1. Could you please give the count of residues in the stretch 316-342 that are modelled with pLDDT under 90, among the hydroxyl-bearing types (Ser, Thr, Tyr) and touching a strand residue (DSSP E or B) at 6+ places or on another chain (Cβ under 9 Å)?
2. Being modelled with pLDDT under 90, within 34 Å of the chain's Cα centre (by Cα) and crowded, with 16+ Cβ neighbours inside 10 Å narrows it down to one residue among 243, 219; which is it?
3. So residue 307 passes all but one of these: (1) farther than 23 Å from residue 44 by Cα; (2) touching a helix residue (DSSP H, G or I) at 6+ places or on another chain (Cβ under 8 Å). Which condition number does it fail?
4. What residue, among those in the stretch 9-40 that are within 15 Å of residue 108 (Cβ to Cβ) and surrounded by 21 or more Cβ atoms within 10 Å (Cβ to Cβ), is modelled with the lowest pLDDT?
5. Condition test on residue 648, is it β-branched (Val, Ile, Thr), closer than 15 Å to residue 584 by Cα and at pLDDT below 80?
6. Look at residue 564 and say whether it is at pLDDT below 95, open to solvent by less than 30 Å² (accessible area, probe 1.4 Å) and within 20 Å of residue 795 (Cβ to Cβ).
7. With the structure loaded, tell me whether residue 197 is of a type in the set (Ser, Thr, Tyr), out of contact with any Pro (no Cβ under 9 Å at 6 or more places or on another chain) and surrounded by fewer than 20 Cβ atoms within 10 Å (Cβ to Cβ) or whether it fails that test.
8. Collect the residues in the stretch 80-123 that are part of a helix (DSSP H, G or I) and charged (D, E, K, R), keeping them in residue-number order.
Amino acid sequence: MILYFILQLTFNERFVLSTSEPMAYQMFRKPGEFMIGGLFPFHSTVDDLENHWKPEPLKCSSLNPTGYLQALAMKFALEEINNSTTLLPGETLGYEMYDTCLNSLAILHSTLLFLARNGTEDVEVSCNLTEYKTRVLAVIGPSSTEVATVSMKLFSTFLIPQISYSVTADLFSDKSIYPAFYRTVPSDKKQVNGMVTLMKFFKWNWIAVIASMDDYGVTALRQFSSSGMDSGICIAYEGLIPTYLSASETSTIIEDILHKIEQTDVKVVLVFASLTQSIALFQEVIMRNMTRVWIGSASWVLSQSILSLPGIECVGTVIGFFPSAQTILGFDGFLRNTISQTYTEINAGFQSFALEADKIPIILNPLTALHAHSVYTAIYAVASALHRLLNCTSAKCNKQDSNIYAWKLLKEVKKVNFSIFNTLFSFDSDGNPNTGFDIVTHSMSMMGFTKIGSYNKEMDLNSYLINWGTPQNMVPESQCSGNCFPGQVKRVKGTHSCCFDCIDCQEGMFQSSEDEYQCQPCPEGEWSSVLSTSCRNPVYMYLQWNDLSVIFLLLLSFILLCLVLGTFVLFFHHRHSPLVRASGGHMCSFALVSLLAVTFSIITFIGKPADFMCRLQQPLQAMGFTCCLSTFSIKAIQVMLVTDFKDVPKKYIQWSKTIGTWFFLIFSIVIQGLFDTWYILSTPSLYQNEKVTFLYKYLKCEITNVLCFFLMFGYNGILALISFMLNCVAQAPSSQYNLARDITFSTLAYLLIWIVYVPVYAVVTDANQLLLQMVVTLVSASGIMLGYFAPKCYILLRNPEMASEEYFKIYNN
C-alpha cells in the first residue's frame, strides 16, 4: 500500500501530494524561483511486480524510515537556506521530491519529469540543448547504485548536476561517462582502501567476502580483490547473494554461502551487500549461531534494521565504515515538529492516509539522523554553486543573465569550496568529496555503535575500544599460514598466495623486502649467512701484532735471535781455534747467518698479508734451512770420510774441505733456488679473482702450489736425512771430539719436528696453521742450535782447554 501523507514545513503552510497520474511518485513539492529535484526511497518494496503488464505507476509499500528522514533533511536544508540572508539573499529555492521505491523502473517516471522543459511535463529532444531549461536545475539523489545507473546517463546528457547522498560505486567517478555526477559520500575506492588498511593493521590476510549480486556489490568485490591482492590479502571464498529471488530461495543460497565460509575456517568476513541482502544474511547468521569478525560497508553497517535484529549482538564483532557524519543543529526539533503536524492533520481530516506508527521510533532514532548529513551537505553544495553563478554577496545577488541553465550551474558545482560543520568541503576532479569515513563497531551503547577511528587517506584507530569477545580480548587471527621469520620466504601451497610454507634463505642468499617468495642472490663481493635479510662485505681476520700468542712467539724468536748472534760472535772471536775450524770454520758462520734468516722469516706470518710477502714467505724460510742443512750435509760427508773411510786418499778429503764444499753448497742452493723461483712465479695475487663465499675468513697466504711446497721443504728433509744417515752410525774417534754426534742430534731433531708438523697442520684451523708453522720454525732452528752449536759453545765458554788441537786433530788434518 502506498502511504501518501501530508507534511507541513511551516506552521501556516500545507502541501498536499498530487494524486494525478503524471505525479504518481511525487511525495513533496514546493514552488520556488530555482527548482531542485529530489530522489528518495520513501518506500522499500514494490508490490506485485511480476504482474506488471501495463505501463502504469508501480505500487510501492513499506515505509523506509531512512529515505523519509533524508527527504525531510532536504526540506530542512532548503528552508534554512531560504530563511538565510547571506547565501542566496532575495532568492528562493523550490523542490520536487519523488519516491524511487528502490526500484529502477519507478525512477524513470521521475527522471523524465525532471528533464521536461521548465513549466511543462513535456521532454523536448533536440541536437542543441544549451538553451533548454529543464524542470529542475539540479537533482539530489538517488540512494542506490542500481537505481542511479538508470538516471545518470540521462541527466548527463542534459548536463544537469546530480549530487548523490549515498551512492558509493566507483564506476560513477568516470567523468567521461558521467560528467554531471557528484556525491557527498566517499567512493567505494576510498572505502576499499580503508578496509585493506584495517586488515593490514590487524594482520588479517585470509578472509571471505560476501556481496550482493548487483552493480554495487560486484564492483566493490572486484575493487577489493584487486587492492587486497596487491597488499597480500587472500580471499578464501567469494559469495554472491542474488537480488531478485524469493525469500526462501535467497535463504537457501545464504545457507550455502555460510556453510562454505565455515569450511574455509576464516575468522574475518567482509560484507559488500545492499541493506535488503544484508538483513537476510544476518538473520541466517543468527540462526546458525555463527560468530566471526564482520567488516561492514556503509550500505548496512549503521542501519537501524540491522542493529535491531534480535540476536545481532551474538554474531561476533562488527566493524564498519560509515561516511563521516555529524548531527545537524536544529534538525531533531524540525523532525519531531513535522511528525507532530502530520498527526494533527490526520486528526483534522486533511490526510487520506496515516503515517506508519511503528516506524516513528526508527525515524526519531539519533542513529537514523546520521543519514541526513550527506543530504544536507548536497543541498548546500548546490546552493554554494548557485551563489557563485548568481554573483551573490552577503547582501544581494547580482544576476547578470536571467537565463540560468543547469549546465551553467554544473560548472560552478565543480568548483564549490565552502565550510560546513567547521570543515571545508570540496569535490575532486572525479566528483568525489574530500571527506572520509568514520570507523565504527557495534556496541551496547545507546546509539548501538561506538566510533573507534577514522579513515581519509590515512587511518586513525583506537583498537582498544573493540570488544573481540575472546580471552583477554585478544585480536582474532585470520591467516592461512603464520608469518615467516626474517630471512625466510614463502613457498605457496595451492592457489592462494596466503597459504605457504616458510623456507630458509641459505648462505649467499637473502630475503628481500621487495620479494616475499624468492630468496635473492647476494651481489658480487658480498655474502650472507642462513636466514639473512641482507648481504654484507666479508670480514677478514689475520694474525695481529698485539695477539698474546704472537707476542709470546716474538719473545721466543728474540731469545733465539740473541742466541744465534751470540754464537756467531763467539765463533768469530775463536775463528782460528781448532774447535771452530773442525766444526766448519766459515761454513759455521754461513749456517748461523742462515738461522738468522730463518728466525726473521716468522715476521712474514704476522699482519695483513700482502702479495709480496705471500710470495716470499715460504721460499725465504725454505732457503734459510737449505743453506744451514747444506753445511751439515757437507760436514757429515767429511766426518764419515775421516772416521769410517780412513783409506780414502787425503787429496779427496782435502778437496771435500775446499772446492768440494763450495761446489756442493752452491749446487744445493741452486736446486732450492729453482724450487723457490717456481713457487714465487706460480703464486697468484692474494685477491685475484676471489669469489666471496664467506662472511668471515682468516686471511693468510694460501699454499696454492702444493707440489712445489713439498718439493721445497722435502728437499730440506732430504738434506737432513742424508746428514743423519751418514753420521748416525759413524764410529766415534777415540780421544777425539765426536762431531758426528752433534750432526746426528741436530738433524734428527729437525726431521722429527717436521714429520710431526705435516699431520698436525692438516687438522688445525687457519689461524693455528700459521702459529703452528711459526712454532715449528722456531723449534727446529732451536733444535739445530742445541744439537750442533750448544756443545761447542759450552766448551769455548766453560772448558776452553778442550778446544785444543789434540782434541780436534782428526777433523783438521
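1. The total comes to 2.
2. Numbers: 243 fails: within 34 Å of the chain's Cα centre (by Cα).
Selected residue: 219, the only one of 243, 219 that is modelled with pLDDT under 90, within 34 Å of the chain's Cα centre (by Cα) and crowded, with 16+ Cβ neighbours inside 10 Å.
3. Exception for residue 307: condition (1).
4. So the first thing to find is which residues in the stretch 9-40 are within 15 Å of residue 108 (Cβ to Cβ), and the list is 21-26, 37, 39.
Filter once more, so that each one left must be surrounded by 21 or more Cβ atoms within 10 Å (Cβ to Cβ): 25, 37, 39.
Values: 25: 73, 37: 96, 39: 96.
Only one residue tops the list, namely 25.
5. Values: β-branched (Val, Ile, Thr): yes; closer than 15 Å to residue 584 by Cα: no; at pLDDT below 80: yes.
No.
6. Working: at pLDDT below 95: yes; open to solvent by less than 30 Å² (accessible area, probe 1.4 Å): yes; within 20 Å of residue 795 (Cβ to Cβ): yes.
Criteria met by residue 564.
7. yes
8. Kept after step one, since they are part of a helix (DSSP H, G or I), are these residues of the stretch 80-123: 80-82, 104-115.
Once the filter is applied, which keeps residues that are part of a helix (DSSP H, G or I) and charged (D, E, K, R), the stretch 80-123 yields only 80.
The values are calculated or read from the model by the stated rules, or taken from the named source; none is laboratory data. Given the structure is predicted, the values throughout are model-derived calculations rather than measurements. Reconstructed Cβ throughout: ideal geometry from the backbone, glycine too, with neighbour counts over all protein chains shown. In case anyone asks, the SASA skips ligands and DNA or RNA and just uses the protein heavy atoms, side chains included. Shrake-Rupley method; radii C 1.70, N 1.55, O 1.52, S 1.80 Å.
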